[in-house]
Amino acid sequence: MAHILVAEDEAPIREVVSRHLLLVGHTVAQAGTGPQAVEMCGKEKFHLVLLDVMLPGMGGFEVKRRLPACGLRFRCCG
């Protein structure tokens, strides 16, 4: 299955999304801020990053701009 980063500052939402991903067999890492998400992507390889647009410290769009160096491709939804 996939290794997924859930970047969301609201802990209850982050936990629910993570729990559901775990239930279907994925491995999950969590970030509560933009800088945390960038740091984690520099240390681990993720198949998917679920990225909130409004994160403390660095918004989701800025995080997205910094992540192509990690080899991720992006699709914006919603």
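Each label point was placed 7 Å from the Cα along the Cα-to-Cβ direction; for PHE61 and THR33 their separation is 2.2 nm. Considering helices alone, the calculated mean residue ellipticity of the chain at 222 nm is -11500 deg cm²/dmol, with DSSP H runs of length four and up weighted by -39500 (n - 2.57) and normalised per residue. Along each principal axis, taking the top coordinate minus the bottom one, the Cα set of the chain gives 30, 25, 25 Å in descending order. Stretched out straight at 0.36 nm per residue, the stretch from ALA2 to ARG73 would grow longer than its current Cα-Cα span by 24.1 nm.
Read the figures in this text as sums done on the coordinates, not as results from a lab. The shown structure was predicted, so the numbers you read here are calculated from the model rather than taken from an experiment. Please note: Cβ atoms are built from the backbone with ideal geometry, for glycine as well, and neighbour counts cover all protein chains shown.
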